[in-house]
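**Student:** Just passing along the structure, written as structure tokens.
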Amino acid sequence: MLKKALPPLIDNSTTILIMGTMAGEQSIAKQEYYANRGNLFWKILFAIFEEEFSASYEDRKALVRKYKIGLWNVLESCKREGSSDAKITEEKINDFEKLHKQYPNIKYVFFESKAAAKYFEKHSAPQKGIVYTTLPSTSGLNAGLSTAEKMEQWKAVSQIALCKSIEDQ
């Protein structure tokens, strides 16, 4: 079955872009990034910014906007059974050149998994002036690291976001 990416959650103030591979089944159904309760994405993001966790998608969107973070998927569409990146076939990449022309303030891209980075590298070229970093997947399927170990690596996002907000003052 053909899956289509969620629209980018980005605005003109976005300096950091976090990219997953392709939204999972629950995210597509709800039209919300990281909607699966088993995914630790939002718990980790709230924790690294020392903000009180909220299950409200409006609060979650406000959190990423506050820290000038955007969300998107590497793939525009693909065929996939279920939500596992390992089952992706017939993938089509999103247009990053167009995105970076539209949102030139993006200076940091964090891949939310090795799979997201792999598909980006397979189908796209890094843009000049952007720093790319691969972080461990926040998926509940990624049992290779503990939540604390994932959170430690994800702190790179908050360190950059907080440094950027200090520079902007």
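**Student:** Looking at the stretch 90-109, is at least one residue buried (at least 21 other Cβ atoms within 10 Å of the Cβ) and in a strand (DSSP E or B)?
**Tutor:** Yes, that holds for at least one residue.
**Student:** Hey, another quick one. Take the stretch 115-133 and flag every residue that is of a type outside the set (A, V, I, L, M) and surrounded by fewer than 19 Cβ atoms within 10 Å (Cβ to Cβ). Steps first, please.
**Tutor:** Of the stretch 115-133, the ones of a type outside the set (A, V, I, L, M) are 118-124, 126-129, 132-133.
Listed by number, the residues that qualify are LYS118, GLU121, LYS122, HIS123, SER124, PRO126, GLN127, LYS128, GLY129, TYR132, THR133.
**Student:** From (1) modelled with pLDDT under 90; (2) outside any loop (DSSP other than H, G, I, E, B), pick out the condition that doesn't hold for GLU81.
**Tutor:** (2)
**Student:** Same structure, new question: Restricting attention to the stretch 56-66, does a residue exist that is in contact (Cβ under 8 Å) with a residue 12 or more places away in the chain, outside any loop (DSSP other than H, G, I, E, B) and small (Gly, Ala, Ser)?
**Tutor:** No, the stretch 56-66 contains no residue that is in contact (Cβ under 8 Å) with a residue 12 or more places away in the chain, outside any loop (DSSP other than H, G, I, E, B) and small (Gly, Ala, Ser).
**Student:** Being buried (at least 22 other Cβ atoms within 10 Å of the Cβ), closer than 19 Å to LEU141 by Cα, of a type outside the set (A, V, I, L, M) and at pLDDT below 95: is that true of ARG37 here?
**Tutor:** Working: buried (at least 22 other Cβ atoms within 10 Å of the Cβ): no; closer than 19 Å to LEU141 by Cα: yes; of a type outside the set (A, V, I, L, M): yes; at pLDDT below 95: yes.
So ARG37 does not fit the description; no.
**Student:** Still on this structure, please answer the following. Might you check whether a residue that is open to solvent by less than 70 Å² (accessible area, probe 1.4 Å) and over 15 Å from LEU40 (Cα atoms) occurs anywhere in the stretch 138-154?
**Tutor:** Within the stretch 138-154 (the criterion being open to solvent by less than 70 Å² (accessible area, probe 1.4 Å) and over 15 Å from LEU40 (Cα atoms)), the answer is no, since none of the residues qualifies.
**Student:** Looking at the stretch 68-80, is at least one residue farther than 19 Å from LEU9 by Cβ, among the hydrophobic types (A, V, I, L, M, F, W, C), open to solvent by 20 Å² or more (accessible area, probe 1.4 Å) and touching a residue at least 40 places away in the same chain (Cβ under 8 Å)?
**Tutor:** From the stretch 68-80, those farther than 19 Å from LEU9 by Cβ are 78-80; that's our starting set.
Still in the list and also among the hydrophobic types (A, V, I, L, M, F, W, C): 78.
With the extra rule that they be open to solvent by 20 Å² or more (accessible area, probe 1.4 Å), the set shrinks to none.
No, because not a single residue in the stretch 68-80 is farther than 19 Å from LEU9 by Cβ, among the hydrophobic types (A, V, I, L, M, F, W, C), open to solvent by 20 Å² or more (accessible area, probe 1.4 Å) and touching a residue at least 40 places away in the same chain (Cβ under 8 Å).
**Student:** Sticking with this structure for a sec: Suppose we filter the stretch 82-114 for residues that are more than 12 Å from the chain's Cα centre (by Cα) and closer than 12 Å to MET22 by Cα; how many remain?
**Tutor:** Number satisfying all stated conditions: 12.
The values are calculated or read from the model by the stated rules, or taken from the named source; none is laboratory data. In this text, all values refer to a predicted model and were calculated from it rather than measured experimentally. All Cβ positions, even for glycine, are placed from backbone atoms using ideal geometry, and neighbour counts span all protein chains on display. Calculation scope for accessible area: heavy atoms of the full protein, side chains included, ligands and nucleic acids excluded. Shrake-Rupley method; radii C 1.70, N 1.55, O 1.52, S 1.80 Å.
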